[in-house]
Each structure stands twice: as C-alpha cells, then as structure tokens.
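Okay, structure first, notes after.
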Amino acid sequence: MDVCDWHAIDWLAMPPDITPKRKKKGVDYHPLPQWTALHRQEKPVPAWRRINGQRLTLALIVSIATLFVVVTQVMADERHGDVDGCLSCHALAGLQYVDKQGVLRVASIDASHYLSSLHGSVPCKDCHRKIRDYPHRPENGEVDCAASCHVEEPSGGKPYTHKAVTEEFKKSVHGKGWSKGFSGANRLREAGDEALPSCRKCHPNELYIGAKDLPRFREDFNHLETECGGCHQGKVWMNQFGGHILRRFLGSRWDKRDHNRICNNCHADHRRMAEVEIENPETGKKEKADARFILASDSYAMTLHGRLLRSGVEAGASCIDCHAPAGFRHGVRRDDDPLAATHVDQLAKTCASEGCHGFATHPLNVGFVHTDLHDIDMIIATSEIAPLDHSRLSSNWSKAIIAMLPIVLVLGGGSLLWLLLGNKRQSVTFAVLGGDSFQRRIIGRKPKKYRRRPRGQTGKGAGPS
C-alpha cells in the first residue's frame, strides 16, 4: 500500500459495494431491490364462517331479481286466468237452449274473443255478483254498471268504478234509461221496448278496434312500454291491463263524427222519435214529441256544424259538444233546465267553450248566441212529419217575411200600376224606379226632360192627322 501511489490497494473499514449501478451525469442509479413475499401459514376456515353479511345481501337481491324475471316471463302469454271458473262451462260450444218465450239462447262464450274485449281483464263475478253456484237462474246474472270491479285504477290504486259516470247519467234527460239490470235474457226487451238509451245501447263490449282507429292505436301503443313501463314493469301488467287502459284512453278514440253516430242511432229514426213522450214541466203530463224534436237530427245536419263534420273538418261542433260539454259527457239535459248547457242563460258560455266562439259572451252578440240550430224551417216543407201548418209561423223566417210583406206589396203594386198606366216612351226606355238617379250618379248623364205631346202629333211641326 505504501508503494502503490494510485491507491490500487487500500484498507477499507466496510466491504466494498459491488452492486451494479449506472452513473449518469454524476448521479448513481441503483436497480430496484428484489423483494421476497413472506406467507404466514394459517389453518383452514370452515365454509360456514366464510359467508359475510355483504355477500348474503348481494345474493338475496340477485335471487329476488331472477325470480321476478322468471315469473313474469312465464305468465306473459296469459292475459288473465278464469279465476271464477265460469269458462269451464261457458267456453263449451253448443251451449244453447230455448227459453219460455221460444227464443233460442246461446250461452257459449268464445274465450279468445272475451279476453280481447274491453272487459277481458275483469273477472266474471265482478259484474255478475249474484251468481254463487251452478245451475244459476238467468236473472241472477244481472249487471249493475255502477258497481266497482277488481281492476285497480293505476294512478290511485283503487278499484275502478263507473259510479260517477252513472250518477251523471241518471241526472240527465236520459236518466230513466237502464244503467243496471242487464242480462242476456232481457237484451231483446231492452232493444225493442225501451225508448230511452241505456249503457249497453251506446257502449257495446267491442271486440276489435275499428279500421280507421287502428293507425292511432298503433301509434299510441308503441309508447305504452316507455310511458307506462316507467312504473308498471313486466309483461304481465302490459298484457292484462295495458290494452284495456289504452283502448279506454282512445275513447277519446271516438271523434266528433262517432259521437254524432251514437246519437243518430236513436234520433235519426223518425218512427222511434215519433213514439217518444215528453213530460210537460208545467202540467206534469206526457205529450207526444213535436216535429222539431222528431227532426232534430235532420235540422242539425243542415247547419254549418253538421256540414263541417260530414266533410271531415273537426272545427264543427258535435251533439255532445253543445248538449254535454262538461263532466263525463253524459249530462244531457232539457233546454228548460237551468243547469243545461243549452239553456238560454248558459248558451253564451257553451258557445265560447272549447275555444270556439270566444266572442259569444259579449252582450252585443246575443242574436248570434240565440240562433236556433234546430229550426224547423231548415227542413223541406214537403216532409210528412213537418207539414205547412201554424207551427211554422213562430219561426224567425216567418216573422221576417210578415214584417217585409207590406213593403213588398207597396213597391210591387206601384211598379205594376206604373207599367200598366204610366207613359210609354218610344225613344229610350229607362227603369221604372230610379231611372233618372241611375243616369245622373252612375253614367254621369243629365236626364232629359220630355214634354207630353198632344194626341195625334207624330213629330216636330207635324199637324193633326
């Protein structure tokens, strides 16, 4: 060490560092150390001790979700089961008999048609509540439309009922018509003997949607899963109640022409309307309907409203728009009823509703509001139901003609006398009335003054012949 001046040999207090390293710009870079994992040997844990609370909760949630999906998929093809067991007999073909009146009664029910109808989701005993066992009497199957059913209204979760609609119907002019007591045994009696409308006459249990309503039904049905499916999940609800609720939503699917068609089923039948007896509010006695009532459908068809709807223009007003614009559209009342939409005190409000004639409420438009849309003078005079009699003298047309008759007689008579007895000019012929005024104001020519020639004078300077 003393001989080596370059310190090639030297004494060290610690062993030399022989780990590989890199030197870059005067900085030593050592490689990362190699770590060795040390494992602690543990005893095996039993299986029942490995399940913790988090895993148990997760497994429970997954199981419930899987069970819900499986159950809904299994029941998706069935809209509603026959919970009352009625179709076990009524679904049989050839279930028919002859009643005491000699009428063939068919008690067979096409199950597929029934489940596709508006009431297909309603259990049978929800309506036929008096039927307890078999065999049952026909009168035990009578139905009350105001009764509630097991179908729940989605927004409130309460059993659906037509009671509010029925109460409004009972207060209307049609209120004495049937709203309960319906059965297959009295269908013919209802159709033939009852003049007043009933629930079943206007609302048959339709099996299918009309061809003209099908495009609208398809358009709205496409949104059923996204709109209703936000709360009502699963195909079971869709199949059982979706179509029923959507078809009722389209009931509203009836346009104004459909409303008029329902009214015309009765009011366009002149023979049937001639048999109607109307109670006189003053005497309380029933009197035969007059020509104005019998021909109400015909007179309405002659108005602008009727013609617009026949042409497909929805701006026209239907029968319901004027006679029952509020509520459930079943409150048709007599014109002399103060609560009627067509009462003289309510007409302005009715005409201004639905954004129609907004100016109708102005006092200066009283004449417009009181326009008679069922004026008998709009009907052809040769009609056997509306003959030319004293009843036509009360119309506004007759009053206007009577008021103008003296003027027509004076002007017409004066013109006739002038033509017969007046001077006949040979040169120029002017109008009998207003000829001079026409020349002066219209053609700007000063009328000529003619002097009466003596008899026998034929020209200027001519002597007597």
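Values in this text are rule-based calculations from the coordinates and carry no lab data. Computed from a prediction, not measured in an experiment: that's the story for all the values here. A quick note on method: Cβ atoms are made from the backbone with ideal geometry, for glycine too, and the neighbour counts reach across all protein chains shown.
With a simple spin-label model that places each label point 7 Å from the Cα along the Cα-to-Cβ direction, the separation between Leu118 and Leu419 comes to 6.5 nm. As a calculated quantity, the FRET efficiency between Phe68 and Ser398 at R0 = 56 Å, using C-beta atoms, amounts to about 0.15. Averaging 1/r over each pair of different alpha-carbon atoms in segment 104-205 and inverting the result gives 15.1 Å, the Kirkwood hydrodynamic radius. Placing dummy labels 7 Å off each Cα toward the beta-carbon, the span from Ala107 to Lys43 is 7.8 nm. With a Förster radius of 41 Å applied to the beta-carbon distance between Asn265 and Ile407, the computed FRET efficiency rounds to 0.30. Between Glu139 and His343, take the C-beta separation as r, use R0 = 56 Å, and let me know the FRET efficiency to the nearest 0.05. With a Förster radius of 56 Å, E is 0.90. Please tell me which of these pairs span more than 29 angstrom C-alpha to C-alpha: Lys125/Lys158; Lys171/Lys286; Lys158/Lys180; Lys285/Lys349? Correct reply: Lys285/Lys349.
Using 0.36 nm per residue and subtracting the Cα-Cα separation, the extra length available between Asp84 and Lys163 on full extension is 26.1 nm.
Under a 5 Å amide H cut-off, with hydrogens placed 1.01 Å from N, Arg333 pairs with Val173, Ala341 among residues at least 5 apart or on other chains.
Take the Cα of Asp336, step 7 Å toward its Cβ, do the same at Lys170, and the gap between the two points is 2.5 nm.
Stretching Glu282 away from Arg189 to a fully extended chain increases their span by 30.3 nm, per 0.36 nm per residue minus the current alpha-carbon distance. Evaluating 6.51 cos²θ - 1.76 cosθ + 1.60 at θ = phi - 60° for every residue in segment 348-360, the Karplus couplings come out as 4, 5, 5, 5, 8, 6, 6, x, 7, 9, x, 7, 5 Hz, glycine and proline recorded as x. Ordered by the number of other Cβ atoms lying within 10 Å of each residue's own Cβ, fewest first, Lys170, Lys100, Lys288 fall into the sequence Lys100, Lys288, Lys170.
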